[in-house]
Amino acid sequence: MSQKDFDFDLETPRHTAVWSSIKTGFNNTCTWVMENPGEVILFAVGICLIDMENSLDAIEEYEEIQTAIDLYELNGGV
């Protein structure tokens with residue numbers, strides 16, 4: 001590889017084509033989001049529910065451990 005492979009000149013046809021495709025993809029994404037706000041909200045709610053489920057699982061695991069410790073201490077640490 002040479003320095004030419006790392007030079008980034010926005011005026012070369014290769015880079016112009018890349019920027020053009022990125023811009024087109026971004027514009028298409030923005031248009032889809034504006035036309036489908038319900039889908040975006042549904043996705044966000046789904047992610048929140050998954051995170052909430054993981055948090056509840058962690059709380060349940062902690063409660064089980066705490067219950068075992070409490071029973072151990074109640075029995076005099078035997």
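Some observations on this one:
- If you go through region 59-78 and keep only what is among the small types (Gly, Ala, Ser) and loosely packed, with under 10 Cβ neighbours inside 10 Å, you end up with 76, 77.
- Count of region 29-39 residues which are assigned to a helix (DSSP H, G or I), surrounded by 10 or more Cβ atoms within 10 Å (Cβ to Cβ) and under 21 Å from the mean Cα position of the chain (by Cα): 5
No lab work stands behind these numbers, since they all come straight from the coordinates. Model, not experiment: these values are computed from the prediction. Cβ atoms come from the backbone with ideal geometry, glycine included; neighbour counts cover every protein chain shown.
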